[in-house]
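Engineer: I am attaching a structure below and will ask some questions about it afterwards.
Coordinate-derived values only; no laboratory data. Only a predicted model underlies this, so the values are computations on that prediction, with no experimental measurement involved. Heads up, the Cβs are rebuilt from the backbone with ideal geometry, glycines too, and the neighbour counts pull from every protein chain shown.
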Amino acid sequence: MSDGAKNKLSMIVFSGDMDKLFAAFTIAVGAAASGMEVVMFFTFWGLRALKKKVPTGKGLFGRLLGVFYGGDISRATPSRMSFGGLGRWMFKKMMKAKMVPSLPELRQTAIDLGVRMYGCQMSMSVMEIPREAMIDSVEACVGVAFFIEQARESATTLFI
Amino acid sequence: MSDGAKNKLSMIVFSGDMDKLFAAFTIAVGAAASGMEVVMFFTFWGLRALKKKVPTGKGLFGRLLGVFYGGDISRATPSRMSFGGLGRWMFKKMMKAKMVPSLPELRQTAIDLGVRMYGCQMSMSVMEIPREAMIDSVEACVGVAFFIEQARESATTLFI
Amino acid sequence: MSDGAKNKLSMIVFSGDMDKLFAAFTIAVGAAASGMEVVMFFTFWGLRALKKKVPTGKGLFGRLLGVFYGGDISRATPSRMSFGGLGRWMFKKMMKAKMVPSLPELRQTAIDLGVRMYGCQMSMSVMEIPREAMIDSVEACVGVAFFIEQARESATTLFI
């Protein structure tokens, strides 16, 4: 297959920051809307983008993580000017004023356009986030080998 | 077209950190110097790399953002060891001592080598940064669809 | 050469954060295990991943950097929830409990699988980290032109 035929975009979403998730989903929606196949692989902090609003963690550390980094996609804070939650509130206000969709809306649009979302098995195990704590639209929980295969077939692969 | 013919490098510059901007422009200059076509798409915090030293923001939040994250490329601070501005000063000193060009110089070299720079329309609207607040070398302010098209034609695409 | 023949993955490892290094080495090991050629180019904070546990820095700033950002790969702290070293300890515990290899082990596996690691000459010079302060497995210290060439030949290139 020549690369001219490659029509897939894949992303590793490592970050759980509001602004970076916003960039990731905007790119996903843009690529899907232009007819590309889009695959998102969520790992580490990025897993928050796929979580339901339920407590997670079994052991002491897992529960601590659930408390300090818990909640769902709407709890994501910007990577800069977070100001203990104030930054999130401010950016939400600013985006709404400019008619920019919210993170949960963007994610839903991505799902509606057929963007496939995967969770990283290893991070879920380490961070003690079970499959049940994640939204139903998640295709599967997979390992790094799966991602490598997707990246190989992609015209563009991003680490966000 | 086979991918062997692809000779373009594209970047999404999301970060406005001094060290990451330094990496982005160094890669841009290196690629352009080796004969590649280079396209940089600046979004969110990365927009600072294209700003003039003028106040921005119309509403309360936009103006707050202008105050806390204002200034031009020379105001960028490192992502680590920022120490309230001291880190920036220290890195500038260290780079100068090793004859490494400054950020504004690197950006100018990139422009001189024909690197094309674009601003993300949506972030500019949300952050209330008008076209007039940006340097003249900015080609245009575009949406995500434009970037997707560039990435598709690129041998390499980076998210920085 | 058509892109279907491209079987190389290249990475710029800019970050020195424990979690991002973990992602970088996991991807490197996964790709190498699946038969890809893997090239890692370490720059700026990422250089810590290749350092021995020796003091670095000649001038005042270089020595300051050596003190505040010194040590080897085992000193890397997570990008979030660092809690002054507590986060590192917690993640190490959690990973060990799930039988996930440590960072030094992952790096060794990458080396054993033939992953090639390069240091960025310019950052080493600016940060005053000499070649002798780096582990023997580092292939060479190279400039941006070398990396551009590698990226051009790669099916996938990531900036981490």
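Engineer: Enter the mean projected area of the convex hull around the alpha-carbon atoms of the range B:13-83, in nm², rounded to one decimal.
Structural biologist: Average of the hull's projected areas for the range B:13-83 equals 5.4 nm².
Engineer: Also, quick follow-up: Tally Lys/Arg at +1 and Asp/Glu at -1 over every other residue whose Cβ is under 12 Å from the Cβ of B:Ala133; what's the total?
Structural biologist: +2
Engineer: Take every Cα-Cα distance within the range C:62-160, group them into 5 Å bins from 0 onward, and report for each bin the whole-number percent of pairs it holds.
Structural biologist: 2, 10, 15, 19, 19, 18, 11, 5, 0
Engineer: A follow-up question, please. More than 45 angstrom separation, counting every C-alpha pair in the protein assembly as shown; what % is that?
Structural biologist: So the portion of pairs separated by more than 45 Å is 5 percent.
Engineer: Still on this model: Distance between the C-alpha centers of the range A:56-132 and the range C:115-160? Whole Å please.
Structural biologist: Using only Cα atoms, the two centres lie 33 Å from each other.
Engineer: Still on this structure: Roughly how crowded by other chains is peptide A:147-155, in terms of the mean Cβ count from those chains within 10 Å of each of its Cβ atoms?
Structural biologist: Whole-number average of other-chain Cβ neighbours for A:147-155 is 6.
Engineer: Once the label point is set 7 Å along the Cα-to-beta-carbon vector, what list of distances in nm do you get between A:Arg131 and its counterparts in the other copies?
Structural biologist: Going from nearest to farthest copy, the values are 5.2, 5.2 nm.
Engineer: Along the charge dipole of the range C:19-124, Cβ charges K/R +1 and D/E -1, which of C:Gly46, C:Ser74, C:Leu86 sits furthest on the positive end?
Structural biologist: Farthest towards the positive end: C:Leu86.
Engineer: Which one of A:Gln150, A:Met117, A:Ser137 has its Cα pushed farthest toward the positive end of the charge dipole of the range A:115-155, where Lys and Arg give +1 and Asp and Glu give -1 at the Cβ?
Structural biologist: A:Gln150
Engineer: Taking other Cβ within 10 Å of each residue's Cβ, how do B:Arg131, C:Arg107 sort, fewest first?
Structural biologist: So the ranking, lowest neighbour count to highest, is B:Arg131, C:Arg107.
Engineer: Quick one: dipole size for the range C:11-121, taken about the Cα centre, charges +1 on Lys/Arg Cβ and -1 on Asp/Glu Cβ, in debye to the nearest 20.
Structural biologist: Numbers: 16 positive and 6 negative charges, 96 e Å.
Charge dipole, the range C:11-121, about its Cα centre: 460 debye, nearest 20.
Engineer: If you don't mind, another one. Looking only at Cα atoms, what is the convex hull volume of the range C:1-140 per residue, in Å³? Don't skip to the answer; put the middle values down first.
Structural biologist: Values: hull volume 16.2 nm³, N = 140.
Dividing the Cα hull volume of the range C:1-140 by its residues yields 115 Å³.
Engineer: Something else about it: Once the label point is set 7 Å along the Cα-to-beta-carbon vector, what list of distances in nm do you get between B:Gln108 and its counterparts in the other copies?
Structural biologist: In nanometres, ordered from closest: 5.1, 5.1.
Engineer: One quarter of the convex hull surface, Cα atoms only: what value does that give for the range A:52-98 in nm²?
Structural biologist: The directionally averaged projection comes out at 3.9 nm².
Engineer: To the nearest 20 debye, what charge dipole does the range A:96-160 have about its Cα centre, counting +1 at the Cβ of each Lys and Arg and -1 at the Cβ of each Asp and Glu?
Structural biologist: I would put it at about 300 debye.
Engineer: Greater than 24 Å separation of Cα atoms is the criterion. Which listed pairs, A:Lys20/C:Lys52; A:Lys92/B:Lys20; C:Lys20/C:Lys98; B:Lys20/C:Lys93; B:Lys6/C:Lys20, meet it? Intermediate values should be presented prior to the final figure.
Structural biologist: On the way: A:Lys20/C:Lys52 33 Å; A:Lys92/B:Lys20 26 Å; C:Lys20/C:Lys98 18 Å; B:Lys20/C:Lys93 31 Å; B:Lys6/C:Lys20 29 Å.
Exceeds cut-off: A:Lys20/C:Lys52; A:Lys92/B:Lys20; B:Lys20/C:Lys93; B:Lys6/C:Lys20.
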